[in-house]
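Trainee: Next up is a structure, given as structure tokens.
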């Protein structure tokens, strides 16, 4: 132990002899790096603040390229998010056996969709991505999702496809069995966010479940994003 | 005559129990598509009595079970995850109000036998303890939480 400490000291002494430190230069460099770091953080923060100030939803600063998920639509056709390039997309994860959160989310989104001016509405697509692919087959989604609005799209896929899509958006879910009950009887716990993807394919905003009932504010966010903001 | 009066007076507390002193506001049922097996009922229940009461469930013609549920929030890998948990009862203290709302406590209406449409009205008999006290509620079937 003491031997190794002595070793480090002699090593340091060697370094100091070989490379004498110019303290003035060292401190100047240190202050310079600190100033650069501080201004970088300040710029990041002020840009976040200025972007966030424009929106009701939680802004992603900088906006992230939206993960292009590969899923299956309610008609059983392969579906990719990038097919909707040029449209603003709002989507959430859920499941059709959900009695509380999911119908509320879809009803809130339907209200937002209908409140949009005609021109904006034609540039918006709402989608519902199932995290319960075992029960939510395309034919089930076809009877469920358009109920809230005929234009809405329901998506499902393989376990892996859904896991990849959820992971990319930070969504989480898990199957909950009731102890002692049939393995086919279960609920899904899941995160309840709605994601806003801009027409140019960037993930711009995030809405927590309880933000969705303020229709006017979400309409304002959508119009802002459609205007290129 | 006096005997009948006394008998009636003795019955009075029982009659009172039949009409549990609760005030129910904005009862509504989430309208769901015909493929859905379950939905949820929401309302505000104010306990006007001097004693604590518990909502233990309900009975309705449109479904096999009506159960009190709570919404749970857990943190999973830094993300907020919502889930549901069946509870035996939801307690309302004297003078207190139980708020059943989307994303919160609710009555889960399970095993739907029919799917009422938006604008319909459905009846649920709420069950309270102690005792087996019943309160009839007529709910508006809505797609959206009323303001």
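Coordinate-derived values only; no laboratory data. None of the values given here were measured: they were computed from a predicted structure. Here the Cβ positions follow ideal geometry from the backbone for every residue, glycine too, while neighbour counts run over all protein chains shown.
Trainee: Quick one: helix A:23-54 against the long Cα principal axis of chain A, what's the angle to the nearest 10°, folded into 0 to 90?
Mentor: 10
Trainee: For residue A:36 and residue A:13, FRET efficiency with R0 = 41 Å and r from the beta-carbon atoms, rounded to 0.05?
Mentor: Once the sixth-power term is evaluated, E becomes 0.80.
Trainee: Also, I was wondering about something else. When a/c is below 1.5 the answer is rounded, else prolate if a/b is larger than b/c, else oblate, so apply that to the range A:135-229 with a ≥ b ≥ c taken from the square roots of the Cα gyration tensor eigenvalues.
Mentor: It is prolate, given that a/c is not under 1.5 and a/b is the larger ratio.
Trainee: Expressed as a rounded percentage, what relative contact order does chain B have, with Cα pairs under 8 Å and six or more residues apart?
Mentor: 30
Trainee: Calculate for chain B the 222 nm mean residue ellipticity that helices alone would give, adding -39,500 (n - 2.57) per DSSP H run of length 4 or more and normalising by residue count, nearest 500 deg cm²/dmol.
Mentor: Per the formula, -4000 deg cm²/dmol.
Trainee: Ok, one more. Restricting to DSSP H runs of at least four residues, report the calculated mean residue ellipticity at 222 nm for chain A, -39500 (n - 2.57) per run over all residues, nearest 500 deg cm²/dmol.
Mentor: It comes out at -14500 deg cm²/dmol, rounded to the nearest 500.
Trainee: Looking at the square roots a ≥ b ≥ c of the eigenvalues of the Cα gyration tensor of the protein assembly as shown, which shape do they give, rounded for a/c under 1.5, prolate if a/b is larger than b/c, or oblate?
Mentor: In terms of gyration-tensor shape, prolate.
Trainee: Pairing the Cα long axis of helix B:2-18 with the longest principal axis of chain B, what angle in degrees results, from 0 to 90 and rounded to the nearest 10?
Mentor: Taking the Cα atoms of chain B, the angle to B:2-18 is about 10 degrees.
Trainee: By its C-alpha gyration tensor, with a ≥ b ≥ c as the square roots of the eigenvalues, how is the range B:25-142 shaped: rounded for a/c under 1.5, else prolate for a/b larger than b/c, else oblate?
Mentor: Note, shape of the range B:25-142 comes out oblate.
Trainee: Now for a different question. Does anyone have the angle between helix A:138-148 and the longest principal axis of chain A? Alpha-carbon axes, 0 to 90°, nearest 10?
Mentor: 90
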